[in-house]
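The values are calculated or read from the model by the stated rules, or taken from the named source; none is laboratory data. The structure displayed is predicted, hence computed values, not measured ones. Note: ideal-geometry Cβ built from the backbone for every residue, glycine included; neighbour counts use all protein chains shown.
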Amino acid sequence: MIDFELPADLTALRDRVSAFIAEKIVPYENDVRQTVHGVSEPLRQELIGLARDAGLLSPHAPKQYGGLGLDHRGMAVVFEAAGWSTLGPLALNIQAPDEGNVNLLHVVATPEQKARWLAPLVRGEIRSVFTMTETVSDGAGSDPSLLQTIAQQEGNDFFITGRKYMITGVPDAAINIVMARTLDHSGKDLGATMFFVDLDAPGFRVDRMLDTIDTNSPGGHAEVSFDRVRVTPDRVLGEIGQGFRNAQVRLGPARLTHCMRWLGAARRCQAIAVEHARRRHSFGKTIGEHQGVGFMLADNEIDLHLSRLAIWHTAWLLDQHDQARNETSMTKVFCSEALGRVADRCMQVLGSIGITRDTVVERIYRDIRPFRIYDGPSEVHRHVLARRILSQNDSKR
């Protein structure tokens, strides 16, 4: 049975995070060091420093590397509190892709790789990149089996060639985790493998920065290419040919942590909309007293409540060492759509104010929309779930 009662220490941590975000981080939301491609590295480091001083840095990371070592339920509570501000996840060092890469390295990396990259990543000293998606014309998007980027073995080394699209956080990052289809000396396909690639490696190039609707990721999103980028055997992450399997260590939980962060952001929108509905008058009463507005606020509460229940249930399954593959997919689809509805309704309640930058709702509305696309579009998750449902029904006949 799932226990939804929070222990006293977790409640205290949540309250500390909430106070820290409200007092220290929210005042930075209009800082001019934010660009169309995310916050600048100096601003990120300043925010990281504040969280470090408060003892709140990297709550998801193992204690032996300087994190707080929270389980998934603890992360759900703390990540939601951090998501109250658009800069909260950055300050606590729990923004994607770094947050997911911490989990990946902790489970898959060698001790030497952990010392070299995981430890400074947990300390917030460096940023990382996860490079898998390819352009529509070149290969793998939602279907990773179409992967076209090749890592050709020559001697003991590998040479990576290919193009990647919508890669987050490349500028100012220190290390790039690259997924490539691996061929041995004879050209035999060994399967997908993950490799560590330095951002200044010869042959690696940022072809262009992409102008996107969202601005919440440091370094923005880019299209990049690899022209015989050499990687040595010590740069293989996990086993050769096991890239897709090992990537699930990262992708499943990362879908859930996105939900956690965006729940906090949607709650912020609701709080702003409720306050506006209490103060704004129209036709002899506050607009919140009109059913058209009041019902939108009520629907928001329903979506927020059910999103939290879905997140906590899936977090509990992950803490029971359950892969929860179906549940992470269902929760990601439900929360991305439900929380998007919350932001949309809040903008409608605010009226003309909502589409301006007088409140943070406009920013959250833009940033939350891609949530229905990244880490698997809703349609792909529904397709996979439908196949499993049909397969299960066939097996019971």
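Take region 257-301 and flag every residue that is part of a helix (DSSP H, G or I) and among the small types (Gly, Ala, Ser).
Filtering region 257-301 for residues part of a helix (DSSP H, G or I) gives 257-279, 287-289, 291-301.
Those that are part of a helix (DSSP H, G or I) and among the small types (Gly, Ala, Ser): Gly264, Ala265, Ala266, Ala271, Ala273, Ala277, Gly288, Gly292, Gly294, Ala298.
For region 143-196: of the residues being of a type in the set (A, V, I, L, M) and outside any strand (DSSP E or B), which is surrounded by the fewest Cβ atoms within 10 Å (Cβ to Cβ)? Full working, then the answer.
The initial filter retains those residues of region 143-196 that are of a type in the set (A, V, I, L, M), namely 146-147, 150-151, 160, 166-167, 170, 173-175, 177-180, 183, 190, 192, 194.
Subsequent filtering for residues that are outside any strand (DSSP E or B) retains 146-147, 170, 173-174.
Details: Leu146: 12, Leu147: 22, Val170: 22, Ala173: 20, Ala174: 15.
The qualifying residue surrounded by the fewest Cβ atoms within 10 Å (Cβ to Cβ) is Leu146.
For region 110-119, does any single residue satisfy the condition of being of a type in the set (S, T, N, Q) and either assigned to a loop (DSSP other than H, G, I, E, B) or more than 30 Å from His313 (Cα to Cα) (or both)? Quick ask: steps written out before the conclusion?
Taking region 110-119 first, the residues of a type in the set (S, T, N, Q) are 110, 113.
Still in the list and also either assigned to a loop (DSSP other than H, G, I, E, B) or more than 30 Å from His313 (Cα to Cα) (or both): 110, 113.
Within region 110-119 (the criterion being of a type in the set (S, T, N, Q) and either assigned to a loop (DSSP other than H, G, I, E, B) or more than 30 Å from His313 (Cα to Cα) (or both)), the answer is yes, since at least one residue qualifies.
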### Query
Can you name the residue in region 77-129 that is in contact with a Lys or Arg (Cβ under 8 Å, 6 or more places away or on another chain) and among the hydroxyl-bearing types (Ser, Thr, Tyr) and is also surrounded by the fewest Cβ atoms within 10 Å (Cβ to Cβ) among such residues?
Thr86
### Message
Looking only at region 323-344, filter to residues that are modelled with pLDDT of 95 or more and among the β-branched types (Val, Ile, Thr); which one of those is farthest from the chain's Cα centre (by Cα)?
### Response
Val342
